[in-house]
1. Name the residues in the range A:37-57 that are of a type in the set (Ser, Thr, Tyr) and crowded, with 19+ Cβ neighbours inside 10 Å, would you?
2. Scanning the range B:189-220 for residues that are touching a residue at least 12 places away in the same chain (Cβ under 8 Å) and of a type in the set (S, T, N, Q), which turns out farthest from B:Met242 (Cα to Cα)?
3. Of the residues A:Val228, A:Val189, A:Val209, only one is modelled with pLDDT of 95 or more and touching a strand residue (DSSP E or B) at 6+ places or on another chain (Cβ under 7 Å); which?
4. Please indicate, with yes or no, whether at least one residue in the range B:133-143 is farther than 23 Å from A:Gln145 by Cβ, within 16 Å of DNA strand C (Cβ to nearest atom) and either out of contact with any Gly (no Cβ under 9 Å at 6 or more places or on another chain) or part of a helix (DSSP H, G or I) (or both).
5. Restricting to the range A:214-258, count the residues that are within 24 Å of A:Asp171 (Cα to Cα), within 11 Å of DNA strand C (Cβ to nearest atom), away from chain B (no Cβ under 14 Å) and under 23 Å from the mean Cα position of the chain (by Cα).
6. Restricting attention to the range B:102-122, which residues are facing another protein chain (nearest Cβ under 9 Å) and among the charged types (D, E, K, R)?
7. For A:Val192, indicate whether it is β-branched (Val, Ile, Thr), away from every other protein chain (no Cβ under 14 Å), more than 9 Å from DNA strand C (Cβ to nearest atom) and farther than 26 Å from B:Met181 by Cβ.
8. It is to be established whether one or more residues within the range A:58-71 are outside any loop (DSSP other than H, G, I, E, B), surrounded by fewer than 21 Cβ atoms within 10 Å (Cβ to Cβ), in contact (Cβ under 8 Å) with a residue 40 or more places away in the chain and within 14 Å of another protein chain (Cβ to nearest Cβ).
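The values are calculated or read from the model by the stated rules, or taken from the named source; none is laboratory data. Here the structure is a predicted model, which means the values were calculated and not measured. Because the Cβ atoms are built from the backbone with ideal geometry, glycine has one as well, and the counts that use them run over all protein chains shown.
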Number of protein chains: 2
Amino acid sequence: MPVYSRSAAFTESPQTASVNPVISLRDINKPKPLAQCNICGMRSLCLPVGLSNEDLLLVSALVDTHIKLKKGETLYRTGTPFTALYAVRLGSLKTTVLAEDGREQVAGYHMLGELIGLDGIGTGNHGCHAIALEDTEICVMPFEQLETLARELPLLQHNLHQTLAQEIARDHSIMLLLGSMRAEERLAVFLVNLSDRYCRRGYSSTEFVLRMTREEIGSYLGLKLETVSRLFSRFQEDGLIMVQGRAIKILNPEALRTLGGQQNTATPDPKNLIPPAPNSNGSANGNGA
Amino acid sequence: MPVYSRSAAFTESPQTASVNPVISLRDINKPKPLAQCNICGMRSLCLPVGLSNEDLLLVSALVDTHIKLKKGETLYRTGTPFTALYAVRLGSLKTTVLAEDGREQVAGYHMLGELIGLDGIGTGNHGCHAIALEDTEICVMPFEQLETLARELPLLQHNLHQTLAQEIARDHSIMLLLGSMRAEERLAVFLVNLSDRYCRRGYSSTEFVLRMTREEIGSYLGLKLETVSRLFSRFQEDGLIMVQGRAIKILNPEALRTLGGQQNTATPDPKNLIPPAPNSNGSANGNGA
DNA sequence: CGACTAGTTGAGGCCAGTCAATGTTGGTGG
DNA sequence: CCACCAACATTGACTGGCCTCAACTAGTCG
């Protein structure tokens, strides 16, 4: 099977510091490097709304490290010990799962404000690779400490459960896509999904730059790269989009949505919009793919 | 799209009693109908190993109802309010997800000792249908009470997280299957998976009766029922299995495993075996599909 | 500039889907 | 008990969507 040849060039990222086996709340309260969830513009994405400022400081203290990744660098690998959850602070990543026979498939694309590494909780080892698609910054949240704190803050506890469950729901919709949609429907869904997520983050919903190759898109959608390329060309011929390499302009969002089998919610619900400024009251995690 | 015509005959199952908005541990401790996790033979599947007998009683008290479902009856529906998790005590179910355009797909098959309803946590509404494939008994665990208790029992808390994360990992492997495997590989994986799960529950790993139709198998695997049927016939011709309607006998487990792209772990790891007798020390949840 | 990666496009083949006919099974009621 | 019916399953013939293989173009980086 084809293995990305550039994977050989991936450099190991600095791993998280070892986690203390036992943590008390007093320890967590100690000043730490650069934890500033309380003023982070993306906190409405990572954290439950409704935490008091005091609680926010406790959570901030959880983030004991920040990791910077260059494009192509690995955040964690399949099989390496799971110690922490990671919040995307800047940039984006892909996660890929590996079949026993070596086949690799993109399991998700993760952008600003999304939480990754969740699947490692189950076995204690990461179940996928996480690789930066561009220069990326990550907040590291040691999981044991997170669990400890979650026992003190019901709101945080519930948010963690919600985040995990939303990941399950997301996976279900991808299973639906992979199991029952035709190629053009899959790509339409993919583009609409990206559009929505950019929109919620305050970016344009109609013009954006793809961070992944045709092969990676295909891998995610269960298609070959040639099929993806052909579909982009056809969508362009049909006046649905304009493509220029990785630059995408959506010309007919409604038609794209219809193609993806979704109802046309003409304008996105403003409640789902996450203002870029801090102290906002956006809704909970805006994950999607 | 084809909708199972017999769905019209599904009768609504008795729903869970309304959940008190606020629960104290004292309330939970009160005697309840028939909660007997501490002596249930399947507890090593639902519950973390290592809980003291006293803690087990607390957890038992969580189970406030048992639901009996006849074949074809619904445990919960897409969109209905999420209030509880459900443990399969006897029998089996399928869960199906619904696309906006009405397409339906089986998302999983759940047997004895498995926990379902998890995906409802994210939105507060169930994200799929759960339908009994045979006469089935369910333990109902109100989720708010479970969260409350989880804050007291770190072991229970961690087990909940693990269960959620294992569901994510399971979904990832299905995505891999749907995205990159050919029909015969998919069916082989399906059979091997069922075999393993029956084995872990103390049943024969080589002879079992399918609880679902060809169409349901196909739906789960992203195939049409004719394809499933043809493959069963071909597997039989090739001497891999014997099929007689829904009765399956696996003649060549190794070849089946190889076809599914898995390493041949000749005999299953005894650590993963869950003895049917209570008070056993089997490992954690043995989910799979 | 040359080497390399990413992307586009075409020709042809194959796997799984579609349509259709027939066989089998299990439950129900006369 | 048997006849009947509906749901489930099997099998064949044909089709088509996506994959495979291949050639070519467009950027990018040392």
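1. A:Ser44
2. The residue in question is B:Ser219.
3. Criteria check complete, one pass: A:Val209.
4. The answer is no, given that none of the residues of the range B:133-143 is farther than 23 Å from A:Gln145 by Cβ, within 16 Å of DNA strand C (Cβ to nearest atom) and either out of contact with any Gly (no Cβ under 9 Å at 6 or more places or on another chain) or part of a helix (DSSP H, G or I) (or both).
5. Count: 1.
6. Across the range B:102-122, the qualifying residues are B:Arg103, B:Glu104, B:Asp119.
7. Here the answer is no, as A:Val192 does not meet what is asked.
8. No, there is no match, as no residue in the range A:58-71 is outside any loop (DSSP other than H, G, I, E, B), surrounded by fewer than 21 Cβ atoms within 10 Å (Cβ to Cβ), in contact (Cβ under 8 Å) with a residue 40 or more places away in the chain and within 14 Å of another protein chain (Cβ to nearest Cβ).
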